[in-house]
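Colleague: Encoded as structure tokens, here's the structure I'll be asking about.
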Amino acid sequence: MSQPMASSYKAAGVDLEAAEALVDRLKPLAARTRTPGVESSLGSFGGFFSFPEPGGKQLLVASIDGVGTKMKVAKLTGQWEGAGYDIVAHCTDDILVHGAKPLFFLDYIGTSKLDLQVLESLGRGMAEACVEARCALLGGETAEMPGVYLEGEVDLVGCMIGSVERDCLLTGDQVRAGDQLLGLASLGLHTNGYSLARHILVDNGPGIDAPIPGTQTRIGDALAARHRMYLGAVRERLSRAPLHAMAHITGGGIPGNLSRVLPRGLGAVVHKDRWAVPPLFRLIQETGKVSEDEMYRVFNMGIGWMLVVEADAAQAWQRALEDEGWGAGIIGEIEEGADGVRLVG
């Protein structure tokens, strides 16, 4: 028997407001642990630590995350290698926001019972992504815990450590009114919103093997599409002055992530009519009767990465990235006034 159809992330079991409230509760606890090398607070895409001495030229940038319930899609489709790639790509993108390049990666795999074929596939995917990121897969932990994990379930978490010179660190403090916003295409949902997407399309909808209307792509393959690694788009461009900030569009969508790199007193306008939303997102919205606001709050809607660049340089950036196949477009601008992100069009 199917469940009642959820039309919001919260109804599907994920409470974004509770997650934000938890960060607020943890901030004072983390502040108690602060040592001289710490140069960031909770809420950034990555954490900064001055190394080898406080106030030095070099900063370590760290990020930890999980693939989440996309692992259920990996189980349904058998595409475990993609999940291994996803976790490295996600963590790489999080430190890249701050201009950092990857150094090494560590993973955690938890499961009810070890399946060597599955674990090897996850390892192949992680290794492939680490080669692309030019970083070492330094080590990890595999935990077999029956009674903690449900039978057949696998959890995957990873931690990326990178570095950046202090003079090249990007925090958003260089963003100015008039700057232009470039959006780069995602390949799918990244690793966010899967509880809602699965509830609508798999548990109560067409099913994992059904095609997306108007395409020859199966729903399962579209849901399993890899989390794109954006390092290749900006690796050789990080030192260029016209680049003022970047945002990784994950949970919270464009509004929740772009706002994290906006200085106080500046806002962003994003024009929704400047890119074509991929069919998978529209299928989720129409099948689940999800509101437009909720879609943009939960999913990336086809924009996986954003750059904030000087107005005079925006078209040159767009042409170069478009020529390289990143699906880039100028989709908004920075304005003076209220903080936050406005979606228009």
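Each value in this text was obtained by applying a stated rule to the coordinates, not by laboratory testing. Since the structure is predicted, the reported quantities are computational estimates derived from the model, not experimental observations. Here Cβ is always computed from backbone atoms with ideal geometry, including for glycine, and neighbour counts include all displayed protein chains.
Colleague: Amide H neighbours of G329 under 5 Å, at least 5 residues apart or on other chains, H built in the peptide plane: list them.
Modeller: Here the answer is G183, since their amide H atoms fall under 5 Å of that of G329.
Colleague: So, one more: How large is ³J(HN,Hα), in whole Hz, for each residue of segment 72-81 in order, when computed from phi with the Karplus curve 6.51 cos²θ - 1.76 cosθ + 1.60 and θ = phi - 60°, using x for Gly and Pro?
Modeller: Listing the rounded values in order: 5, 5, 4, 5, 5, 9, x, 8, 6, 4 Hz.
Colleague: Moving on to the next point. Mind checking segment 259-345 for GluC sites (Glu not before Pro) that DSSP puts in a loop (not H, G, I, E or B) and that have at most 12 other Cβ atoms within 10 Å?
Modeller: E324
Colleague: Of all DSSP beta bridges in segment 180-344, what percent run antiparallel (nearest 5)?
Modeller: Antiparallel: roughly 80 percent of the beta bridges in segment 180-344.
Colleague: Then there's this: Mind jotting down the three principal axis lengths of segment 35-168 based on Cα atoms? Whole angstrom, largest first.
Modeller: That works out to 48, 30, 22 Å along the principal axes.
Colleague: Separate question: Give me Rg/Rg_expected for the chain, where Rg uses Cα atoms only and Rg_expected = 2.2 N^0.38 Å with N residues.
Modeller: So the chain has a normalised radius of gyration of 0.98.
Colleague: GNM on the chain, C-alpha springs below 10 Å: top fluctuator among V298, V290, V148?
Modeller: Its mean-square fluctuation being the largest, the pick is V148.
Colleague: So what are the ³J(HN,Hα) numbers for segment 142-152, from phi and the Karplus equation (6.51, -1.76, 1.60; θ = phi - 60°), rounded to whole Hz, Gly and Pro as x?
Modeller: Ordered by residue, 3J(HN,Hα) equals 10, 10, 9, 9, x, x, 9, 9, 5, 4, x Hz.
Colleague: Still on this model: Would you work out the charge dipole size for the chain about its Cα centre, treating the Cβ of every Lys and Arg as +1 and the Cβ of every Asp and Glu as -1, and quote it to the nearest 20 debye?
Modeller: 180 debye
Colleague: Can I ask one more? Using the basic label-point model (7 angstrom from Cα toward the beta carbon), what is the R32 to L187 distance in nanometres?
Modeller: If labels sit at R32 and L187, their model points lie 4.3 nm apart.
Colleague: Under a GNM of the chain (C-alpha, springs under 10 Å), which listed residue has the highest mean-square fluctuation: E81, E236, E39?
Modeller: The residue with the greatest mean-square fluctuation here is E236.
Colleague: Ranking C91, C130, C168, C159 by Cβ neighbours within 10 Å, fewest first, what do you get?
Modeller: In order of increasing Cβ crowding within 10 Å: C168, C159, C130, C91.
Colleague: Given the pairs K70/K101; K57/K101; K70/K113, which span a C-alpha to C-alpha distance of over 22 angstrom in this model?
Modeller: Violating the 22 Å Cα-Cα cut-off are K70/K101.
Colleague: Using the Karplus curve 6.51 cos²θ - 1.76 cosθ + 1.60 with θ = phi - 60°, what ³J(HN,Hα) values do you get for each residue of segment 284-295, in whole Hz, with x for Gly and Pro?
Modeller: 4, 5, 6, 5, x, 6, 8, 5, 4, 4, 5, 4
Colleague: Another question about this same structure. At E286 and A21, where each label point lies 7 Å from the Cα along Cα→Cβ, what is the point-to-point distance in nanometres?
Modeller: 3.7 nm
Colleague: Pick from L280, L114, L184 the residue whose mean-square fluctuation is largest in a GNM of the chain, springs joining Cα atoms under 10 Å.
Modeller: With Cα springs under 10 Å in the chain, the top fluctuation among L280, L114, L184 is at L114.
Colleague: Taking amide hydrogens as modeled 1.01 Å from N in the peptide plane, which residues meet the under 5 Å criterion relative to H244, leaving out close sequence neighbours?
Modeller: Excluding prolines and chain starts, which carry no amide H, the hits are V308, V309, E310.
Colleague: Would you compute, from DSSP H runs of 4+ residues alone, the mean residue ellipticity of the chain at 222 nm, taking -39500 (n - 2.57) per run and dividing by the full residue count, rounded to the nearest 500?
Modeller: Rounded to the nearest 500, the figure is -9000 deg cm²/dmol.
Colleague: Right, next: Please figure out what share of the DSSP beta bridges in the chain is antiparallel and state it in percent, rounded to the nearest 5.
Modeller: That works out to approximately 75 percent antiparallel.
Colleague: Here's something else I'd like to know. Quick one: putting +1 on the C-beta of Lys and Arg, -1 on the C-beta of Asp and Glu, what dipole do you get for segment 273-345 around its Cα centre, in Debye to the nearest 20?
Modeller: Rounded to the nearest 20 debye, it is 400 debye.
Colleague: Can you give me the long-range amide H partners of T250? Hydrogens built in the peptide plane at 1.01 Å from N, cutoff under 5 Å, separation of 5 or more residues or another chain.
Modeller: Long-range HN contacts for T250: none found.
Colleague: Something else now. Longest exposed-loop-site-free stretch of the chain, with trypsin sites (Lys or Arg not before Pro), DSSP loop and at most 16 other Cβ within 10 Å?
Modeller: Formally, the longest exposed-site-free interval is 177-239.
Colleague: Now for a separate question. Taking every alpha carbon pair in segment 180-344, what does the distance histogram look like in 10 angstrom bins from 0, in percent?
Modeller: In order of increasing distance, the bins hold 10, 39, 33, 15, 3 percent.
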